[in-house]
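Bear in mind that the values in this text are calculations on the coordinates, not laboratory data. It should be emphasised that the depicted structure is a prediction, and the values quoted were computed from it without experimental measurement. Counting neighbours? That spans all protein chains shown, and the Cβs are built from the backbone with ideal geometry, glycine included.
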Amino acid sequence: MLGLKLSTDPRWANIAENNIDEILTDHAWCEQKAASNAISIIVLYPEHSEMVTALIELAREELVHFNLVHEKILARGKKLGKERRDDYVNELYKFMKRGEGRHTALIDRLLFAAMIEARSCERFRLLSENLRDPALASFYRDLMISEAGHYTLFLGFARRYAENLNVENRWKEWIEFEAKVIANYGNKESVHG
């Protein structure tokens, strides 16, 4: 369903489980950044009322997820650590088209968001299937389902607003590029690392 070209090595789940406190902190910040990204798109493209309405709800959901992850951290007797740099996302960000007009920028911003949600969904699936803690495994299963919905939402809006742009070709370019990027990750205690 996700169409990812390169799957995460399942051994990443072991790295994650052995560093679950780091994963939870990184994950919390990923949720906050996802909410911020949705709000940023709203601010930049307020004329797309249907998308604005959907992204308001998505931003709320991401903040609820941020809170849920924070609660997991507190329940483990820990505190939310400092925000982590997400090199994976930063590399994807550089692939976005710029200087080709506002409309092209919107479509690429939506594809960028869809790409991140797809990879997060795949990583959460691995956690849901491999964590020995049944409560955390169930937690990540629920979030995997949510991320899949976010992925399809962003991709759907990119297709809806495509106009004269070939979204399918650009999406294939994103998938190809992301495969090259993710090949360098999968060995760190972070959601995308």
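Listing for the model above:
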quantity: Two-decimal log10 I(q)/I(0) for the stretch 64-155, as the Debye equation yields it once each C-alpha is a single scatterer, q = 0.26 Å⁻¹; calculated: -1.28
quantity: Structure-based [θ]222 nm, the chain - -39500 (n - 2.57) summed over DSSP H runs of at least 4, per residue, nearest 500; calculated: -25000 deg cm²/dmol
quantity: Helix 49-75 vs. the chain, principal-axis angle (Cα, 0 to 90°, nearest 10); calculated: 10
quantity: Peptide ranges 66-79, 18-31 listed from the most packed, as the mean C-beta count within 10 angstrom indicates; calculated: 18-31, 66-79
quantity: Percentage, to the nearest whole number, of Cα pairs in the stretch 29-109 over 15 Å apart; calculated: 66
quantity: Rh by Kirkwood over Cα pairs, then Stokes-Einstein D for the stretch 1-52 at 1.306 mPa s and 10 °C, µm²/s; calculated: 114
quantity: Cα-centre dipole for the stretch 49-117 with unit charges at Cβ (Lys and Arg positive, Asp and Glu negative), debye to 20; calculated: 420
quantity: C-alpha center-to-center spacing [the stretch 155-193, the stretch 113-141] in angstrom; calculated: 18
quantity: The chain - convex hull of the alpha-carbon atoms, volume per residue in Å³; calculated: 108
quantity: For the stretch 183-189, 3J(HN,Hα) per residue [Karplus equation, 6.51 cos²θ - 1.76 cosθ + 1.60, θ = phi - 60°, Hz, x = Gly/Pro]; calculated: 4, 8, 10, x, 10, 10, 8
quantity: In the chain, lysine pairs closer than 27 Å at Cα, eight or more apart or cross-chain; calculated: 29
quantity: Karplus-derived HN-Hα couplings along the stretch 127-132 (A = 6.51, B = -1.76, C = 1.60, θ = phi - 60°), whole Hz, x at Gly and Pro; calculated: 5, 5, 8, 10, 6, 6
quantity: Cα-centre dipole for the stretch 1-149 with unit charges at Cβ (Lys and Arg positive, Asp and Glu negative), debye to 20; calculated: 320
quantity: Relative contact order of the chain, defined on C-alpha pairs under 8 angstrom at six or more residues apart (%); calculated: 33
quantity: Farthest toward positive dipole pole in the chain [+1 Lys/Arg, -1 Asp/Glu at C-beta], among Ala35, Leu55, Leu6; calculated: Leu6
quantity: Net charge over other residues, Cβ less than 11 angstrom from the Cβ of Ile20 (K, R count +1; D, E count -1); calculated: -2
quantity: Protection-proxy order for peptides 122-135, 157-170, each taking the mean of Cβ atoms within 10 Å per residue, highest first; calculated: 122-135, 157-170
